[in-house]
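Right, one structure below, let's go through it.
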Amino acid sequence: MNNILETIVAKLRPEVERRKRMHPLASGGFPTIPPFRAAMPGIIAEIKQASPSKGLIRADFRPVPLALELETSGAAALSVLTEPNYFLGSLERLTAVAAEVAIPVLRKDFIFDEYQILEARHAGASAVLLIAAMLDQPSLLRLAEYARSLDLDVLGEAHNAEEVARLLDAPVTLVGVNARNLATFATDLTTVEQLLAQIPPERCPVAESAIRSAADIRRLREVGAQGFLIGETLMRAPSPGAKLRELLAL
């Protein structure tokens, strides 16, 4: 596992164990959710306040108004950060957003335990993120199968060709490629282009990170991208909705 992932997971694990003890959840009584995969092709607009590499991204951060603005501006789906220590997220934000929008919502977090997936389903998420770089193959398979048993779509995230191959061997409904190098935090869309070309269209290739313009979307669409997960570009804009409409003006 990459060092930054190890650091995030090590700090998160005791909190997940605490929630499991304090808030046991039943596997049932779930809210109705819209399907995530069916919302593609389109932009997955990410709602996040901060990141380990960039620090605070948006000071005026109101998740529900942001979600409604992005929904009305053309987002196909939303991604809500729930990791508390480095992204300043929370499950409560996801719950609040999912209750107010009609489009599907992804729980964006560092998931290593079935309990986190069960939390996401109860909160109204339609999909969860599984990061190949932080999971061995048995864990990836186990968590993906559990998510699918709860009618959740799974966005699997890869950073290299080996991880793409592992995701294609797992029951993930969308295969994403993140442009960010986990060691240096640098981003490279050229690598994303090369890896997206290896993903069959029926597995819904998704480009993640470093998408800043309509030209970037056109470039990635030409190599097969169907989904475009965009966070910082939207969150840094004075009007995220206006920025999204600009990106959609293809």
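Report yes if some residue within the stretch 61-68 is part of a loop (DSSP other than H, G, I, E, B) and either under 18 Å from MET40 (Cβ atoms) or in contact with a helix residue (DSSP H, G or I) (Cβ under 7 Å, 6 or more places away or on another chain) (or both); otherwise report no. No: the stretch 61-68 contains no residue that is part of a loop (DSSP other than H, G, I, E, B) and either under 18 Å from MET40 (Cβ atoms) or in contact with a helix residue (DSSP H, G or I) (Cβ under 7 Å, 6 or more places away or on another chain) (or both). No other residue among THR190, THR184 is among the polar types (S, T, N, Q), outside any loop (DSSP other than H, G, I, E, B), over 16 Å from the mean Cα position of the chain (by Cα) and surrounded by fewer than 18 Cβ atoms within 10 Å (Cβ to Cβ) apart from THR190.
Scanning the stretch 158-181 for residues that are crowded, with 23+ Cβ neighbours inside 10 Å and in contact (Cβ under 8 Å) with a residue 40 or more places away in the chain turns up VAL172, LEU174, GLY176. For the stretch 211-245, how many residues are assigned to a helix (DSSP H, G or I) and crowded, with 17+ Cβ neighbours inside 10 Å? The qualifying residues number 12. Across the stretch 183-212, the number of residues qualifying as of a type in the set (Gly, Ala, Ser) and in contact with a Ser or Thr (Cβ under 9 Å, 6 or more places away or on another chain) comes to 2. Can you tell me which residue is surrounded by the fewest Cβ atoms within 10 Å (Cβ to Cβ) among those in the stretch 195-210 that are under 26 Å from ILE57 (Cα atoms) and modelled with pLDDT of 95 or more? The qualifying residue surrounded by the fewest Cβ atoms within 10 Å (Cβ to Cβ) is VAL206.
Among residues of the stretch 50-73 that are under 11 Å from PHE87 (Cα atoms), those with a Cβ under 7 angstrom from a residue that is among the charged types (D, E, K, R) and surrounded by 20 or more Cβ atoms within 10 Å (Cβ to Cβ), sequence gap 6+ or separate chain, pair up as ILE57/LYS48. Condition test on GLY227, is it at pLDDT 95 or above and either closer than 24 Å to MET134 by Cβ or not small (Gly, Ala, Ser) (or both)? So GLY227 fits the description; yes. Considering the stretch 169-187, the residues that are within 21 Å of GLY42 (Cα to Cα) and of a type outside the set (Gly, Ala, Ser) include one that is modelled with the lowest pLDDT, namely ARG180.
Just the residues that are among the aromatic types (Phe, Trp, Tyr) and open to solvent by 20 Å² or more (accessible area, probe 1.4 Å), please, taken from the stretch 35-80. Steps first, answer last, please.
Taking the stretch 35-80 first, the residues among the aromatic types (Phe, Trp, Tyr) are 36, 61.
Matches in the stretch 35-80: PHE61 only.
Of all the numbered requirements in (1) of a type in the set (S, T, N, Q); (2) farther than 16 Å from LYS108 by Cα; (3) within 16 Å of the chain's Cα centre (by Cα), ASN178 misses one, and that requirement is (2).
The values are calculated or read from the model by the stated rules, or taken from the named source; none is laboratory data. What you are looking at is a predicted structure, and each value in this text was computed from that prediction instead of being measured. Heads up, the Cβs are rebuilt from the backbone with ideal geometry, glycines too, and the neighbour counts pull from every protein chain shown. Ligands, DNA and RNA are stripped out before the accessible areas are found, and what is left, the full protein with its side chains, is counted by its heavy atoms. Shrake-Rupley method; radii C 1.70, N 1.55, O 1.52, S 1.80 Å.
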